[in-house]
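J.: One structure, pasted below without further comment.
A short reminder: the numbers here are calculations on the coordinates, not readings from a lab. Keep in mind the model is a prediction, meaning the values are calculated, not measured. Note that each Cβ is placed from the backbone with ideal geometry, even for glycine, and that neighbours are counted across all protein chains shown.
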Amino acid sequence: MTSFTIHPAALIMPRPSEEDRASLLLSIAEEGLHQPIMLCEGMILDGVTRAGILEELDATGTHIEPRYENFTGTDPISYVKSVNCNRRQLNTTQKLCIAADWLDLVRAGEVAFVATPGIKTRDAVAQRFGIRNGRQLDAVARVKREAEPLYEAMASGGLSLGRAEVELGYRKPATAPPVPPGRAALVEWGRDVMVRAAVRYGKVSDDWEAVPDAIDALMKELLNG
């Protein structure tokens, strides 16, 4: 099959786990491509893993006919973000890592990006990825700079930004407050736990839908501790 270079926008997405890749390889080998490989300016915009699997299968004597489509939109970044975030179960921290990696590419001049006048490039990139607090990208960059293994765990979905900051001593671990008596007091206690959990797991600013998972994780940690 024809080899293509990878579009810069495709580089921001984390690669699938070995288990997910193996599952995709088996599916493609048995059923072929369900989704075409998307090209933009002659480069792979979406389908890097699929293209790699096709090459791997071809080298072993199993030829799967590739299918290609050309991107006709005007915003490759939004396209990649949209199709991948919908296709994969990416958590909040993984999305932050993607945005932070894209910011690195912008600052290095490897991709063109026009920010709104009067807005920092960091904040403009954050807005493009639906992140309200651009300072979170700085936090991700600090973890990447000072502890690459922790960053890799974040990018793969195994560690939250909040937890990484605790590991590095940037943030104190949260503890559950004493449970007070009475219904009204219990409601206030629950809210306090919610905020502590959200802050603890780096989810307080944007992703309130993820707070229940954060609370569950915090409670399990406290009970096991």
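J.: What order do you get for Tyr151, Tyr79, Tyr170 when you list them from fewest to most C-beta neighbours inside 10 Å? Mind showing how you got there, number by number?
T.: Details: Tyr151 22, Tyr79 17, Tyr170 14.
Starting with the residue having the fewest Cβ neighbours, the order is Tyr170, Tyr79, Tyr151.
J.: How much length is gained on full extension from Thr5 to Glu152, taking 0.36 nm per residue of separation minus their Cα-Cα distance?
T.: Numbers: separation 147, 0.36 × 147 = 52.92 nm, distance 2.38 nm.
Result for the pair: 50.5 nm of gain on full extension.
J.: For Glu55 and Lys120, compute 0.36 nm times the residue count separating them, minus their Cα-Cα distance, and round to one decimal in nm. Walk me through the numbers before you get to the answer.
T.: Values: separation 65, 0.36 × 65 = 23.40 nm, distance 4.13 nm.
Length gained between Glu55 and Lys120: 19.3 nm.
J.: For Asn70 and His34 in one chain, what is 0.36 nm times their gap in residues minus the Cα-Cα distance, to one decimal in nm? Don't jump to the answer; show the numbers that get you there.
T.: On the way: separation 36, 0.36 × 36 = 12.96 nm, distance 1.62 nm.
Working it through step by step, the gained length comes to 11.3 nm.
J.: Same structure again: Just name one of Gly52, Cys40, Gly73: the one whose Cα is farthest towards the positive end of the charge dipole of the range 11-139 (beta-carbon charges, Lys/Arg +1, Asp/Glu -1).
T.: Gly73
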